[in-house]
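Just below is one structure, and these are the notes that go with it.
The values are calculated or read from the model by the stated rules, or taken from the named source; none is laboratory data. Treat the numbers as computed from the prediction; the structure is a model and nothing was measured. Please note: Cβ atoms are built from the backbone with ideal geometry, for glycine as well, and neighbour counts cover all protein chains shown.
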Amino acid sequence: MKFGYSEACLAHDTGGRHPETPDRLRAIRELLARKHGVEYVEADPASRAAVEAVHDPDYVAEFREFCESGGGNWDPDTVAVEATWEAALRSAGLAQWSAETALDGVDGRETPFSIGRPPGHHAVGDDAMGFCFFNNAAVAARHVIDSRSVSRVAIFDWDVHHGNGTQDIFYDVGDVFYASVHEEGLYPGTGEVGESGTDAGEGTTLNVPLPAGAGDPEYRDAVDEVVAPALREFDPGLVLVSAGFDAHRHDPISRMRVSTDGYGMLTARVRDLADEIGAALGFVLEGGYGLDTLSESVAEVHETFDGRRPVAPDGEANEDVRELIDEIRTDHPALND
């Protein structure tokens, strides 16, 4: 794969006890150094205009002033220093690079994956939250719709937390489809089945809130029976994966049971779906807070594109998840036109 990366993202210093640290990127880079076919690209930072296409200009100005004054705790979870402004622009710019590179036809073993930080999917239009300041995937999606020959973008978010910010930004528009498979009830408490979009965006939000303890078979069925059919119907020109790895069974801040092999399985399914519908495909890093499991899972994504055949999950999805999937298939507007 081609990995978008910038040293500027390491300067976003959240402190010694914060789970979202520069060591996340260092761990990924250290493990990838042992892998074949890894290439790094440094992209330009996102412009202020690109950020303001999805974020309120007053919020953007306030965030910049906050960083210039030395930063601090924006909220109990979300920390900034002076360098966070540049890191956030770089992280958003790397997401733009992933989207643009994919649309340029770069795929297969060179499929783009931006590994910037801070992450983005909790940042709403007018506020930072959940470790996130700019919504990287949203900036990238809006940027390519506005500047390239793509009219529809789908964002598939497999982070264990619901991407409330991405949902919020695109909830009432029809050119971006947001699909999230996440742990029910976990921070930030959004992402219920009934949240499916309004106005021009009716039916373009799809949430699959899995119960705690869900693992590879449950994620497999959610993708095969809910996410994939919805994206086929939407027919995007680009699929961006908001790739968080905190649903891993050994991640310290979730209760899910996805294995490292499970991330290879998810990768292969998304790749095959994008090929089937003729969509470009790019990845954008979100969460993942166990350094070993994060780096191993990112490496699994890379190796899947490098020719490794993913291990098929054993067993069937549990009954509660089967009932949830049946409910979504029956009731969601995107699956019942």
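For the condition in a strand (DSSP E or B) and either buried (at least 24 other Cβ atoms within 10 Å of the Cβ) or of a type outside the set (Phe, Trp, Tyr) (or both), what is the one hit in Ala179, Ala88, Ala138, Ala102? It would help to see each step written out before you state the result.
Values: Ala88 fails: in a strand (DSSP E or B); Ala138 fails: in a strand (DSSP E or B); Ala102 fails: in a strand (DSSP E or B).
The match here is Ala179.
With the requirement that a residue be surrounded by 20 or more Cβ atoms within 10 Å (Cβ to Cβ) and either more than 16 Å from Thr166 (Cβ to Cβ) or of a type in the set (A, V, I, L, M) (or both), what does the stretch 204-216 give you?
Leu206, Val208, Leu210, Ala214, Gly215, Asp216 - these are the residues of the stretch 204-216 that are surrounded by 20 or more Cβ atoms within 10 Å (Cβ to Cβ) and either more than 16 Å from Thr166 (Cβ to Cβ) or of a type in the set (A, V, I, L, M) (or both).
Exactly one condition in (1) in contact (Cβ under 8 Å) with a residue 60 or more places away in the chain; (2) out of contact with any Leu (no Cβ under 7 Å at 6 or more places or on another chain); (3) surrounded by fewer than 19 Cβ atoms within 10 Å (Cβ to Cβ); (4) of a type outside the set (Phe, Trp, Tyr) is false for Gly120; which is it?
Single failed check for Gly120: (3).
Quick check on this structure: which one of Asp13, Asp75, Asp44 is touching a strand residue (DSSP E or B) at 6+ places or on another chain (Cβ under 7 Å), among the acidic types (Asp, Glu) and not in a helix (DSSP H, G or I)?
On inspection, the qualifying residue turns out to be Asp75.
If you check Glu68 against the conditions, is it surrounded by fewer than 24 Cβ atoms within 10 Å (Cβ to Cβ), closer than 25 Å to Leu25 by Cα and modelled with pLDDT of 95 or more?
Details: surrounded by fewer than 24 Cβ atoms within 10 Å (Cβ to Cβ): yes; closer than 25 Å to Leu25 by Cα: yes; modelled with pLDDT of 95 or more: yes.
So Glu68 passes the test.
Kindly list, by first and then second residue, each pair from a residue in the stretch 183-201 that is β-branched (Val, Ile, Thr) to a residue that is surrounded by fewer than 18 Cβ atoms within 10 Å (Cβ to Cβ), limited to pairs with Cβ atoms under 6 Å and residues at least 6 apart or on different chains.
Close Cβ pairs satisfying both conditions: Thr198/Asp172.
Any residue in the stretch 171-191 that is farther than 29 Å from Thr293 by Cβ and within 16 Å of the chain's Cα centre (by Cα)? Talk me through it step by step, then tell me what you get.
Start the filter on the stretch 171-191 by keeping residues that are farther than 29 Å from Thr293 by Cβ, which leaves 171-176.
Checking the rest, the ones that are also within 16 Å of the chain's Cα centre (by Cα) come to 176.
Yes; the residues of the stretch 171-191 include at least one that is farther than 29 Å from Thr293 by Cβ and within 16 Å of the chain's Cα centre (by Cα).
From His161, His122, His143, which residue is part of a loop (DSSP other than H, G, I, E, B) and in contact with a helix residue (DSSP H, G or I) (Cβ under 8 Å, 6 or more places away or on another chain)?
After ruling out the rest, the residue left standing is His122.
How about the stretch 16-41: which of its residues are outside any strand (DSSP E or B) and hydroxyl-bearing (Ser, Thr, Tyr)?
If the condition is that a residue be outside any strand (DSSP E or B) and hydroxyl-bearing (Ser, Thr, Tyr), then Thr21 is the only one that fits.
Looking at the structure I just gave you, is Thr260 more than 15 Å from the chain's Cα centre (by Cα) and closer than 20 Å to Ile328 by Cα?
Judged against the criteria, Thr260 is not a match.
Which one is farthest from Thr21 (Cα to Cα) among residues in the stretch 96-119 that are of a type in the set (Val, Ile, Thr) and in contact with a helix residue (DSSP H, G or I) (Cβ under 7 Å, 6 or more places away or on another chain)?
It comes out as Thr111.
Taking Asp224 and the conditions (1) free of Cβ contacts under 8 Å to residues at least 60 places away in the same chain; (2) not in a helix (DSSP H, G or I), which numbered condition does it fall short on, given that it satisfies the others?
(2)
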